[in-house]
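Contents: one structure, followed by commentary.
The values are calculated or read from the model by the stated rules, or taken from the named source; none is laboratory data. Keep in mind the model is a prediction, meaning the values are calculated, not measured. Glycine gets a Cβ as well: all are built from the backbone with ideal geometry, and neighbour counts include every protein chain shown. Quick note on the areas: whole protein, heavy atoms, side chains included, nothing else; ligands and nucleic acids left out. Shrake-Rupley method; radii C 1.70, N 1.55, O 1.52, S 1.80 Å.
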Amino acid sequence: MVKLDLIGTLSGHKGQVWTVDWSPTSKTLASSGQDKTVKLWRQEGAEWVCVATLEGGNTRTIRQIAWSPCGRRIATASFDSTTCIWEYTDGEWDLAATLEGHENEVKGVAWSRDGDYLASCSRDKSVWVWEVVEVDYECASVLQVHTQDVKKVVWHPTDPLLFSTSYDDTVKVYKEFGDDWECAESLIGHSSTVWSMSFNKSGDKFVSCSDDRTLRVWCRDDNKPTKYTCKSTVCGFHSRPIYDVSWGRHGYIATAAGDNAVRVFEQQGGSLLLAHYQPDAHAGDVNSVAWKGHLLASASDDETVKIWSLNT
């Protein structure tokens, strides 16, 4: 029997908490929100405590955060139209760079698997690819393929491919061609905004979630690495939009939704089955979920972050 046990409620943010992201090199959790701060949390004994607050970089809501693969940098995507880079040196977090260029709110940010590139996306309908050269960030490409607000950018876990989800109901796939990046595929299936997506550990599948209240599982074409085909649609479990999804390395998929609930799905054959339903996980919309081993973090409009332990 699959269940989630609540092991921590993290309070400290003022206003909506938009996103959570685990460090790839430790059990430190980062969260960000309406209060324009990033908070870092770590377990000390039985308690989860805030060990650092990063503030003063962005002047409006921080919509998304992303740890670099080395675990020493954090990128923040903000409604102030900038992306800030924080770097950990000599025992402290310092603001290392502020990336400008988007015309409207920056909604998403993500590092490539090798840390050589950073991607950002915005309400201005564009995706920017930044090349990381030591401590400098140079714009390598501006991709204007979506016709509406771009919600999230995600790098493939093993290959140099970039994916984006959008208010235009599609997922785009980008690949580097020569000295520039171009859109290689447009994946159509959802009937409303695609809020988020997450890969399995091998990258041959990903799951997307949408305002249409469905999950879709996409499988890679063996003959064309950039092409993914929807093989399964999961509907009827969410009564409101699904804002985020996280596919853990253990194979379980967690969702964050506007009905205040967290759900866990497992794959059996070609289908996703509901393994656990956590009603009233928060007292408001659940905006973000992220796995770290058996631990699941969730963030909500109720100004809290919660830590859950998966028991199977």
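Residues in the range 170-181: is at least one within 18 Å of the chain's Cα centre (by Cα), more than 22 Å from residue 248 (Cα to Cα), part of a strand (DSSP E or B) and free of Cβ contacts under 8 Å to residues at least 40 places away in the same chain? For the range 170-181, residues within 18 Å of the chain's Cα centre (by Cα), more than 22 Å from residue 248 (Cα to Cα), part of a strand (DSSP E or B) and free of Cβ contacts under 8 Å to residues at least 40 places away in the same chain: present. Being open to solvent by 40 Å² or more (accessible area, probe 1.4 Å) and farther than 16 Å from residue 58 by Cβ is a property that residue 138 has.
Can you work out which of the residues in the range 214-248 that are of a type in the set (D, E, K, R) and more than 17 Å from residue 278 (Cβ to Cβ) is most open to solvent (accessible area, probe 1.4 Å)? If you could, list the steps in order and put the result at the bottom.
To start, the set of residues in the range 214-248 that are of a type in the set (D, E, K, R) comprises 216, 220-222, 224, 227, 231, 240, 244.
So of that shortlist, the ones also more than 17 Å from residue 278 (Cβ to Cβ) come out as 216, 220-222, 224, 227, 231.
Numbers: 216: 46, 220: 56, 221: 52, 222: 151, 224: 92, 227: 73, 231: 136 Å².
Checking each candidate, the answer is 222.
Tallying residues that are open to solvent by less than 20 Å² (accessible area, probe 1.4 Å), over 22 Å from residue 115 (Cβ atoms) and of a type in the set (A, V, I, L, M) within the range 152-197 yields 3. If we keep just the residues of the range 1-43 that are surrounded by fewer than 18 Cβ atoms within 10 Å (Cβ to Cβ) and hydrophobic (A, V, I, L, M, F, W, C), which is modelled with the lowest pLDDT? If we take residues in the range 1-43 being surrounded by fewer than 18 Cβ atoms within 10 Å (Cβ to Cβ) and hydrophobic (A, V, I, L, M, F, W, C), then 1 is modelled with the lowest pLDDT.
Per-residue answers, yes or no, for (1) among the small types (Gly, Ala, Ser); (2) in contact (Cβ under 8 Å) with a residue 12 or more places away in the chain; (3) in a loop (DSSP other than H, G, I, E, B):
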residue	(1), (2), (3)
97	yes, yes, no
104	no, yes, yes
107	no, yes, no
129	no, yes, no
138	no, no, no
142	no, yes, no
147	no, yes, yes
154	no, yes, no
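Considering only residues that are part of a strand (DSSP E or B), surrounded by 19 or more Cβ atoms within 10 Å (Cβ to Cβ) and not hydrophobic (A, V, I, L, M, F, W, C), look in the range 249-283 and name the one that is nearest to the chain's Cα centre (by Cα). For the range 249-283, the residue satisfying everything is 255. Only one of the numbered conditions (1) surrounded by fewer than 19 Cβ atoms within 10 Å (Cβ to Cβ); (2) modelled with pLDDT of 95 or more; (3) more than 23 Å from residue 229 (Cα to Cα); (4) in contact with a strand residue (DSSP E or B) (Cβ under 6 Å, 6 or more places away or on another chain) is not met by residue 115, and that is (4). Annotation: of all residues in the range 203-248 being assigned to a loop (DSSP other than H, G, I, E, B) and at pLDDT below 95, the one that is farthest from residue 297 (Cα to Cα) is 223. Looking at residue 128, is it open to solvent by 20 Å² or more (accessible area, probe 1.4 Å) and either in contact with an Asp or Glu (Cβ under 9 Å, 6 or more places away or on another chain) or within 28 Å of residue 251 (Cα to Cα) (or both)? Spelling it out, it is not the case that residue 128 is open to solvent by 20 Å² or more (accessible area, probe 1.4 Å) and either in contact with an Asp or Glu (Cβ under 9 Å, 6 or more places away or on another chain) or within 28 Å of residue 251 (Cα to Cα) (or both).
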